[in-house]
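Undergrad: Encoded as structure tokens, here's the structure I'll be asking about.
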Amino acid sequence: MEEKYSMCWLQYNTLKDKESYKDYIKNIIYFEENDKINACIGELKRFIKEGFNKTPKLIKYELPQKVSGIIIGKIEQLKQLGLEIEKNNLKDEGFLIKEVDKNLIAVLANSYNGLVYGTFELIKLIRLGEKLNDINIIKNPKANLRIINHWDNFDGTIERGYAGKSIFYKDNKILLNSKRIVDYARLLSSIGINSIVLNNVNVKKREVEFLTEPYLKKFQKIANIFGKYGIKIFLSINFASPIYLGKLPTADPLDKDVCKWWEDKAKEIYDIIPNFGGFLVKADSEFNPGPYVYNRSHADGANMLAKALKHYGGLVIWRCFVYNCRQDWRDTKTDRAKAAYDNFKPFDGLFDDNVVLQIKLGPMDFQVREPVSPLFGALLKTNQIIEFQITQEYTGQQIHLCYLGQLWKEALDFDTYAQGEGSFVKRIVDGSLFNKTNCGLAGVSNIGDDFNWTGHDLAQANLYTFGKLSWNPDEKIEDIVDEWIKLTFGHNKKVIEGITYLLLNSHSIYEKYTTPLGLGWMINPGHHYGPSPEGYEFSMWGTYHRASTEAIGVDRTSKGTKYTSQYSKHWQEIYDDINKCPEKLLLFFHRVNWNHKLKNGKTLIQYMYDTHFEGVEEVKVLIEKWTELKDLVSNDVYDRVLDRLNKQYEHSKEWRDVINTYFYRKTGIKDEQKRHIYE
Ligand code: GCW
């Protein structure tokens, strides 16, 4: 049957090799039935049908002598059958794939979630042509929370969505019975995701109602779909809900009636959705209400909700994106970059165990490049999640190709020095550095109801990579990319090389023709697409580069706004020193003269001209590389991607010319290479 959407990396009709697996796919042996086991069996059946055009036999309860096939079961169940499973260090959601007898592969786990993840892994291994003889692998997720955030609105629009409309809502209705939601759950589960937030963090009037019975009953249905694949649902809530829904005069977190209202609400929710994950909260941020309205702290606010959810095992995920969004550009003392740390550091250790702080990668807002938020390494006693933006708000909105894997990986590999060398962000968000349980990674979704889910076909790689890094932040980007290409496009060497090139070079190219050196915020205000060098310069959002005829950038060093003092001594010294500061972040930390010499001997202004010219030329190379793949990928995909690359090329010229002209007009300095810069 013709699907109305692509199955991305779960297209089971391509197999590297069929012969080697013919014995394994004969039988599926299982021990019990429940939603998750059925999901595993269903997935294997589907794979065997689509990949091998065969129907496996299902065998329940028994393990016949000399049988070949795939066993799905809990470790205990296998032991009861007398099979030897050596001691292992399987975590709750981990799994073991082992050849337990000739041509008999077992997917084993301690939990049903582990079995679901293990089933997808086994399918992947077969699709990649891995040999299964003597296989014996254990995989454990490093982080406990692996979350996708949706910024979907009830009317079906998606805030910062670039791939069509919501798959969850339409015209203020919750979409149910959607096969697409089932396939989405499969896609997410196959990359290790275990939680999903179903609505926008900006919870407006209509969405406040989501916490009432008629809607909760609908969310229960969605919770069951995701639950089957090991994924819990969360909802974003409005902190003032007791006022809107409960008709209370206040939402003060220390008010007894408010606490009681949330307790009753929690009970009501869990009565309807027993496997509910919890709340995501954007409070005191960009016009959303929060505890500051009542002169209470974020710890007061978060803990109040946490107490209401605790009994049910629910979590409060509390965002740290708190800053004054009504700043005056004339005020050069206030530095927005400092806000998250200033608001949250004083409360380290005061949050309940079921509160998790969700911190954006950088201190500002998902710019092309930012330093890692100094809250990582400053919070020593608090559960933490790093928030990545998979959707490309500031990175070309899925018209431009911008693969984000390397950027995320750099953030995860960042050594905070919180406890001396080796205090990596990835060890903070996997909970191991500070011995915390409720930690992890969250990614703001880039999907919508477009045929290919992500607008740009190659932007699927960003979602895939997010999932893989959330499961294992140590995984190499090159391996993830290689795997994604093979699963999505097959095994042709030229295709693999070509797409690898496109993905791995795309972020640095985008950075070159937009805002290199950590500059940021030269984007059109509001919709955030295309260049506008002073679009944010005189506004109230705290987003300035202060370009003059002499210099550009904000002095955030100890001599300037003192933002650098929020980092460990190690980084403070490096960032403070213009000669030591990593050049790619130079203009984030320093105010630099146009004639300042960079490491390669070029002046700042010449570097700016060069990168902008080069960036556009490199987009041309992306197009050339892609056109070499014509006839090697499907026509539809080929045309769609080519169309976007051509747009990217046009728009990159706009970036180049606007930025170069702007700098030229500021400085009056000509391009040494005499390329054309508009007057
Ligand atoms: O990046 C900004 C976006 C807002 C978003 C906000 C946030 C959901 O421009 O659209 O709101 O961040 O992360 O809360």
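Just so it is clear, none of the values below were taken in a lab; they were calculated from the coordinates. Please read these numbers as outputs of a predicted model, since none were measured by experiment. For neighbour counting, all protein chains shown are included, and Cβ atoms are generated from backbone atoms with ideal geometry for every residue, glycine included.
Undergrad: If the label point is 7 Å along Cα→Cβ of Leu504, which residues in segment 398-422 have backbone nitrogen under 12 Å from it?
TA: 406
Undergrad: Would you mind computing Rg(Cα) / (2.2 N^0.38 Å) for segment 520-665, counting N as its residues?
TA: 1.29
Undergrad: Could you work out the helix-only [θ] at 222 nm for the chain, with each DSSP H run of four or more residues adding -39,500 (n - 2.57) and the total divided by the number of residues, to the nearest 500 deg cm²/dmol? Write down the numbers at each step before the final one.
TA: Values: 19 runs with 240 residues, N = 679.
Helices in the chain give a 222 nm mean residue ellipticity of -11000 deg cm²/dmol.
Undergrad: Hey, another quick one. Can you tell me the 0 to 90 degree angle between the C-alpha axis of helix 213-228 and the longest principal axis of the chain, rounded to 10?
TA: Roughly 70 degrees between the two axes.
Undergrad: Dipole of segment 1-141, Cα-centred, from +1 at each Lys and Arg C-beta and -1 at each Asp and Glu C-beta, to the nearest 20 debye?
TA: Working: 23 positive and 21 negative charges, 61 e Å.
Dipole size: approximately 300 debye.
Undergrad: Given Cβ point charges of +1 (Lys, Arg) and -1 (Asp, Glu) and nothing else, what value in debye, to the nearest 20, does the dipole of segment 172-306 about its Cα centre take?
TA: Charge dipole, segment 172-306, about its Cα centre: 700 debye, nearest 20.
Undergrad: Now a separate question. How far is helix 298-310 tilted off the main Cα axis of the chain, in degrees rounded to 10, range 0 to 90?
TA: Helix 298-310 sits roughly 10 degrees off the main axis of the chain.
Undergrad: Exposure proxy check: Lys310, Lys16 ranked by fewest other beta carbons within 10 Å?
TA: Details: Lys310 18, Lys16 13.
Placing the least packed residue first, the sequence is Lys16, Lys310.
Undergrad: Give a quick list of chymotrypsin sites (Phe, Trp or Tyr not before Pro) in segment 251-295 that DSSP marks as loop, anything other than H, G, I, E or B, with at most 15 other Cβ atoms within 10 Å.
TA: Within segment 251-295, the qualifying chymotrypsin sites (Phe, Trp or Tyr not before Pro) (loop, at most 15 other Cβ atoms within 10 Å) are Phe287.
Undergrad: Are there trypsin sites (Lys or Arg not before Pro) in segment 403-445 that DSSP puts in a loop and that have at most 16 other Cβ atoms within 10 Å, and which ones? Don't jump to the answer; show the numbers that get you there.
TA: Values: sites: Lys409, Lys426, Arg427, Lys436; in loops: Lys436.
Hits after loop and neighbour filter: nothing returned.
Undergrad: Distance between Cα centroids, segment 252-308 to segment 536-587: provide it in whole Å.
TA: The two parts, judged by their Cα centres, are 36 Å apart.
Undergrad: So for Ser652, Ser539, fewest C-beta neighbours within 10 Å to most, what's the order?
TA: Neighbour counts put them in this order, fewest first: Ser539, Ser652.
Undergrad: Another question about this same structure. Please rank Lys131, Lys653, fewest neighbouring Cβ atoms within 10 Å first, as an exposure proxy.
TA: Numbers: Lys131 11, Lys653 15.
Going from sparsest to densest Cβ surroundings: Lys131, Lys653.
Undergrad: Starting from the 7 Å offset along Cα-to-Cβ, what nm value, one decimal, do you get for the label separation of Asp577 and Leu632?
TA: Once both label points are built, they end up 4.6 nm from each other.
Undergrad: Continuing with this model, one more query. On the Cα set of segment 174-264, report Rg and Dmax in Å, please.
TA: 15.4, 46
Undergrad: Further, regarding this structure: Could you state, as a whole-number percent, how many of the C-alpha pairs of the chain are farther apart than 32 Å?
TA: Result for the distance tail: 53 percent.
Undergrad: Along each principal axis of its Cα atoms, how long is segment 393-469 end to end? Whole angstroms, biggest number first, please.
TA: In descending order, the Cα extents are 46, 22, 18 Å.
Undergrad: Here's a follow-up. How much space per residue, in cubic angstrom, does the convex hull of the C-alpha atoms of segment 11-160 take up?
TA: Taking the convex hull of the Cα positions in segment 11-160, it is 145 Å³ per residue.
Undergrad: Gain in length, Asp101 to Asp348, computed as 0.36 nm per residue apart minus the alpha-carbon separation, to one decimal in nm?
TA: 83.8 nm
Undergrad: Could you work out the pair-distance distribution P(r) of segment 417-527 from its alpha-carbon pairs, with 10 angstrom bin width and percents rounded to whole numbers?
TA: 11, 29, 35, 21, 3
Undergrad: Taking Cα atoms, how many degrees apart are the long axis of helix 493-513 and the longest axis of the chain, rounded to 10 and kept between 0 and 90?
TA: Tilt of helix 493-513: around 30 degrees.
Undergrad: Starting at 0 and stepping by 5 Å, how many percent of the alpha carbon pairs of segment 1-92 end up in each bin?
TA: 2, 11, 20, 20, 18, 15, 9, 3, 2, 0
Undergrad: Quick one: the Cα spread of segment 633-679 along its three principal axes, in angstroms, biggest first?
TA: Ordered largest first, segment 633-679 gives principal extents of 49, 18, 11 Å.
Undergrad: Give me the Kirkwood hydrodynamic radius of segment 256-389, using the inverse of the mean 1/r over all pairs of distinct Cα atoms, in Å to one decimal.
TA: Hydrodynamic radius (Kirkwood, Cα only) of segment 256-389 equals 15.8 Å.
Undergrad: Taking segment 514-573, how much of its Cα-Cα pair set, in percent, is spaced more than 16 angstrom apart?
TA: Working: 948 of 1770 pairs.
Summing the P(r) tail past 16 Å for segment 514-573 gives 54 percent.
Undergrad: How big is the charge dipole of the chain about its Cα centre, in debye rounded to the nearest 20, if each Lys and Arg gets +1 on its Cβ and each Asp and Glu gets -1 on its Cβ?
TA: 580 debye
Undergrad: Just list whichever of Lys124/Lys625; Lys599/Lys670; Lys26/Lys228; Lys232/Lys381; Lys221/Lys426; Lys102/Lys494 have alpha carbons separated by over 29 Å in the model shown.
TA: Values: Lys124/Lys625 27 Å; Lys599/Lys670 21 Å; Lys26/Lys228 25 Å; Lys232/Lys381 25 Å; Lys221/Lys426 34 Å; Lys102/Lys494 36 Å.
Pairs exceeding 29 Å: Lys221/Lys426; Lys102/Lys494.
Undergrad: Give the calculated FRET efficiency between Asn275 and Gln673 to the nearest 0.05, with a Förster radius of 45 Å applied to their Cβ-Cβ distance.
TA: FRET efficiency, Asn275 to Gln673: 0.15.
Undergrad: Could I ask something else about it? Could you work out, for segment 468-585, what percent of all Cα-Cα pairs fall into each 5 Å distance bin, beginning at 0 Å and stopping at the bin that holds the largest distance?
TA: Calculated over all Cα pairs of segment 468-585, the distribution is 2, 9, 13, 14, 13, 15, 14, 10, 7, 4, 1 percent.
Undergrad: When every alpha-carbon pair in segment 83-224 is counted, what percent end up more than 28 Å apart?
TA: I get 36 percent for the Cα pairs in segment 83-224 exceeding 28 Å.
Undergrad: Another question, if that's okay. State, to one decimal in nm, how far the label point of Glu617 lies from the label point of Asp257, with both points 7 Å from Cα in the Cβ direction.
TA: 7.0 nm
Undergrad: Can you give me the long-range amide H partners of Val197? Hydrogens built in the peptide plane at 1.01 Å from N, cutoff under 5 Å, separation of 5 or more residues or another chain.
TA: Long-range HN contacts for Val197: Ile148, Asn149, His150, Phe234.
Undergrad: Under a plain spin-label model, where a point goes 7 Å from the Cα along Cα-to-Cβ, how far apart in nm are Arg665 and Tyr292?
TA: Those two pseudo-labels are separated by 3.5 nm.
Undergrad: Shifting gears a bit: Efficiency by 1/(1 + (r/R0)^6): what FRET value for Lys584 and Lys179, r their Cβ-Cβ distance, R0 = 45 Å, to the nearest 0.05?
TA: Here the calculated transfer efficiency is 0.55.
Undergrad: Can you list which of the trypsin sites (Lys or Arg not before Pro) found in segment 556-636 are DSSP loop residues with at most 12 other C-beta atoms within 10 Å?
TA: Those satisfying the criteria are Lys559, Lys580, Lys599, Lys630.
Undergrad: Another question about this same structure. Name the residue farthest towards the positive end of the dipole of the chain from the options Gln572, Phe434, Leu404, assuming +1 on Cβ of Lys and Arg, -1 on Cβ of Asp and Glu, about the Cα centre.
TA: Value: Phe434.
Undergrad: Given a Förster distance of 25 angstrom, what is the FRET efficiency for Lys66 paired with Asn133, based on the Cβ-Cβ distance and rounded to 0.05?
TA: Taking R0 as 25 Å, the efficiency between Lys66 and Asn133 is 0.90.
Undergrad: Hey, another quick one. Among Leu361, Ala337, Phe347, whose Cα projects farthest towards the positive end of the dipole of segment 323-388, with charges put on the beta-carbon of Lys, Arg (+1) and Asp, Glu (-1)?
TA: Final value for the positive-end residue is Ala337.
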